[in-house]
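Down below is the structure, laid out as structure tokens.
Just so it is clear, none of the values below were taken in a lab; they were calculated from the coordinates. Computed from a predicted model, the values in this text were never measured in an experiment. For neighbour counting, all protein chains shown are included, and Cβ atoms are generated from backbone atoms with ideal geometry for every residue, glycine included.
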Amino acid sequence: MTKTGKHRIGIYPGTFDPVTKGHLHLIKRASKLVDHLIVAVAANNRKNPLFNQKERVDMVKTDIDNMYEKYCDIEVRGFDKLLIHFAKDMKANCIFRGLRAVSDFDFEFQMTGMNARMDADIETVFLMAADKWQFVSASFVKEIYSLGGDVSEVVTPAVEARLKGKFGR
């Protein structure tokens, strides 16, 4: 609770196809800033995800359950509507967005502007990816793994096992 007695709820949305250690690092950092964090797994069928939404929710839950450091209650939920509507439904005060590079900023800046037009009371908070995770993306993880590469440094063993199940190796 804050000094005003208000419960701060944050949302960290993404497709998480699959969840990476970079995502987990941002989840840990976001959990320091709110009383309750909702990791929101988008249906996002436009991206043709490798894993269905239930599988992605399960992967994120498993990885969060195994996190050593959590600074607030963390909940994982799927959603299939506009993020700003989901945030409003969850009574969220803020949306956390991760930035890896300048190229991420342009898209995120535009989305933040549109979200602010729809609900000016929900703030967007940008968290810069740590140096170690700046070049990690779920798309790269899938491509590298599908071509026989090693992704063990950027995903947890649980996620690597899921990838193995999808690619049969």
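Once you compute Rg and the Kirkwood Rh from C-alpha atoms, what is the Rg to Rh ratio for segment 9-134? With Rg and the Kirkwood Rh in hand, the quotient comes to 0.93.
The relative contact order of the chain comes to 27 percent, based on Cα pairs under 8 Å that sit 6 or more residues apart. With the highest mean first, a sort of the peptides 101-114, 136-149 on other beta-carbon atoms found within 10 angstrom per residue produces 136-149, 101-114.
Along each principal axis, taking the top coordinate minus the bottom one, the Cα set of segment 1-83 gives 44, 29, 17 Å in descending order.
In straight-distance terms, cross-link reach from residue 88 covers every one of the aspartates and glutamates whose alpha-carbon lies under 12 Å from its own, apart from those fewer than eight places away in the same chain; here that gives 119, 121, 123. Partner lysines whose Cα lies under 28 Å from the Cα of residue 91, excluding those fewer than 8 positions away in the same chain, are identified as 3, 6, 21, 28, 32, 47, 54, 61, 70, 81.
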